[in-house]
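Single-structure report; data block below.
Computed from the coordinates by the stated procedures, all read-outs in this text should not be read as laboratory data. It should be emphasised that the depicted structure is a prediction, and the values quoted were computed from it without experimental measurement. When we count neighbours, we look across all protein chains shown, and the Cβ atoms used for this are built from the backbone with ideal geometry, even at glycine.
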Amino acid sequence: MTTENIRTYDVIVIGAGPVGENVADRTSAAGLRTVIVESELAGGDCSYWACEPSKALLRPALLRADALHVPGLDPAVKNPLDVEAVLAHRDRMSADWTDDGQVEWIKSAGIDLLRGHGRLAGEREVSVRTPDGDTVRLRARHAVAVCTGSRAALPPLPGIEDLRPWTSREATSARKPPRRLAIVGAGVVGVEMATAWQALGSRVTLLAREEGLLPRMEPFAGELVTERLREAGADVRFGVSVVAAGRGRDGEVRITLADGAELVADEVLFATGRAPRSQDIGLDTVGLTPGDWLTTDDSLTVTAVPGNWLYAVGDVNRRALFTHQGKYQARIAGAVIVARSRGEALDTGRWAVHSGTADTEAVPGVVFTDPEVAFVGLTVREAERGGRDVEVVDHEIGHLAGALQYRPDYRGRARILIDRERQVLVGATFVGPGVSELLYSATVAITAEVPVERLWHAVPAFPTISEVWLRLLETRRDS
Ligand SMILES: Cc1cc2nc3c(=O)[nH]c(=O)nc-3n(C[C@H](O)[C@H](O)[C@H](O)COP(=O)(O)OP(=O)(O)OC[C@H]3O[C@@H](n4cnc5c(N)ncnc54)[C@H](O)[C@@H]3O)c2cc1C
């Protein structure tokens, strides 16, 4: 590498998804000269093929499901969704897959944007292949942050190359509903896309290897979602594995199941997990293995590389694959990079890394299905696995006045986990229409370690679903 071709920055960020943008924002705002390298669209998967388009597809479906059960409102929503209007709204929410707005923001934040594919090229160096075939070499005085995200992981099925299956990208950006859509996978992407496309007119068959949906969550979450998906007309099957799949000349997809049964569909979505986008980013040049998740400590520093210059932030480190959690990490990583550049200690101030527990103890998430599933912290299974002594308190949300006002056929349940020794909340799961907005209250209770007895003084308004907090405390007192 010759020095005359090298551009030097304080910080190089690879990947302009929500996470990379937030790292760059923090370092640039602190006066560090920062460049961000992006190979596709600034804004990342979240803006164009994940959070934004999926929620735009789901919002009308969930609102209609609620409205269909509100007396007096039901006749107004009897007709099916206006598919074209929903897809047009989805397109707008995905900025029509253009990133002008993001590019403008990057410029306004004083960050340089370099379009192209970035690869590490040894310590503190990055080589970028630009769209017109040039190579630009970058050197970082202080830090390189890898924020390249994740991609859909496909199972190693025979013939999958010729199948042209949907991944989350096609499922969120498709131009029309397929007549028959098979979905393989019982996790968040599988159930959200089943809910959306069933509501948009597809006949969905959801194939789960496990014996329930959302297998990493409290079992009642998957049970309630299964009930509603089936009521909406979806065919939900458990304990089934796909052993082969192919696309015929007629365009139809034929899926063979382990028990020999065959399923025919127009499209098949594999929602079978995520893999890191780290195969082709030069990990071998710094002693790491291409294709691996990048392991970091709580300061988001890659532990296996000496010198405290390489950071991995967001999906690519596998700590918690959510936009909000990646942005939380980005705020920490940004502060750490700035502190190290100034020779300051990391154990003081708001982002003191030893206090960064939210990635392990209090990760919130919402599954936007009918009913919604909102969770934070531990499940019972996780508490048991970790040898945590917890008290489990359940309450049926459908019994609340606020729930019946919301939707007279309301079905839902709440569960909280209380650490017996410390008498603080360590986990909460809410399942029911409209519960997503309850989640922040539980997140605050967990991260602030509010003593459970003190929660009696946080009075929920009548008649709202948040009264479930009071009922949970009463259930505990009476048990
Ligand atoms: C269908 C679906 C729905 C989801 N819904 C939600 C939701 O509702 N809420 C939520 O919190 N999370 C959701 N997620 C998860 C969320 O999308 C991710 O956690 C988030 O996008 C991670 O952000 P990131 O910046 O780490 O990665 P990404 O958003 O993937 O961004 C990475 C960026 O890096 C770029 N890049 C990669 N390699 C290179 C390279 N070598 N050189 C240059 N650039 C590169 C990519 O082009 C991309 O722009 C969803 C995921 C899916 C699949």
* Cα centroid of the range 33-59 to Cα centroid of the range 123-182, whole Å -> 12 Å
* **Only Lys, Arg (+1) and Asp, Glu (-1) charged, at Cβ; the range 160-272 dipole about Cα centre in debye** => 400 debye
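What fraction of the Cα pairs in the range 160-272, stated in percent, has a spacing above 16 angstrom?
Working: 3472 of 6328 pairs.
Here the long-distance tail beyond 16 Å is 55 percent of all Cα pairs in the range 160-272.
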* **Extension reserve of the A109-R175 stretch, reckoned as 0.36 nm per residue once the Cα distance is removed** => 20.3 nm
* Structure fact -> Neighbours of S173 by Cβ distance under 9 Å: Lys/Arg at +1, Asp/Glu at -1, summed charge +1
* In sequence order, what are the phi-derived ³J(HN,Hα) couplings for the range 131-144 according to the Karplus relation 6.51 cos²θ - 1.76 cosθ + 1.60 with θ = phi - 60°, rounded to whole Hz, with x for glycine and proline? -> x, 8, x, 7, 10, 10, 9, 10, 10, 10, 5, 10, 8, 10
* Asked: Mind listing the phi-derived Karplus ³J(HN,Hα) values for the range 33-41, rounded to whole Hz, using 6.51, -1.76 and 1.60 with θ = phi - 60°, and x for any glycine or proline?
  -> 6, 10, 10, 10, 10, 9, 9, 10, 10
* To do: Nearest 5 is fine: what % of DSSP beta bridges in the chain come out antiparallel, could you say?
  => 60 percent
* FRET efficiency estimate (nearest 0.05) - Cβ-Cβ, E384 to D292, R0 30 angstrom -> 0.50
* Putting +1 on Lys and Arg Cβ atoms and -1 on Asp and Glu Cβ atoms, find which of V189, S278, F322 reaches farthest to the positive end of the dipole of the chain. => S278
* To do: Assuming R0 = 41 Å, can you tell me the calculated FRET efficiency for the pair E344 and H457, based on Cβ-Cβ distance, to the nearest 0.05?
  => 0.55
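Checking the a/c ratio against 1.5 first, then a/b against b/c, what shape does the Cα gyration tensor give for the range 371-478? If you can, show how the numbers build up before the last one.
Values: a/c = 1.92, a/b = 1.51, b/c = 1.27.
It comes out prolate by the Cα gyration axes.
Suppose we look only past 21 Å in the calculated P(r) of the range 23-98. What percent of the Cα-Cα pairs does that tail hold?
Working: 1447 of 2850 pairs.
More than 21 Å apart: 51 percent of the Cα pairs in the range 23-98.
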* Can you tell me the equivalent ellipsoid semi-axes for the range 356-428? Use √(5λ) from the Cα gyration tensor, largest first, whole Å. => 26, 15, 10
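Please sort through the DSSP H helices of the chain and keep those with an alpha-carbon extent of at least 24 Å along the long axis and a Kyte-Doolittle average not below -1.0. Don't skip to the answer; put the middle values down first.
Working: long enough: 323-341 (26 Å, -0.11).
Span-like helices in the chain: 323-341.
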* What share of Cα pairs, in percent, lie more than 30 angstrom apart in the chain? -> 53 percent
* To the nearest Å, what is the center-to-center distance of the range 70-85 and the range 221-271, using C-alpha atoms only? -> 28 Å
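Would you please give the FRET efficiency between T303 and R476, computed as 1/(1 + (r/R0)^6) with r the Cβ-Cβ distance and R0 = 45 Å, to the nearest 0.05? Write down the numbers at each step before the final one.
On the way: r = 41 Å, r/R0 = 0.91.
Computed FRET efficiency for T303 and R476: 0.65.
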* Measuring from centroid to centroid over Cα atoms, what is the spacing of the range 406-479 and the range 273-312 in Å? -> 38 Å
* To do: In whole Hz, with x marking every Gly and Pro, tabulate ³J(HN,Hα) for the range 305-312 from phi via Karplus 6.51 cos²θ - 1.76 cosθ + 1.60, θ = phi - 60°.
  => 10, x, x, 6, 10, 9, 10, 10
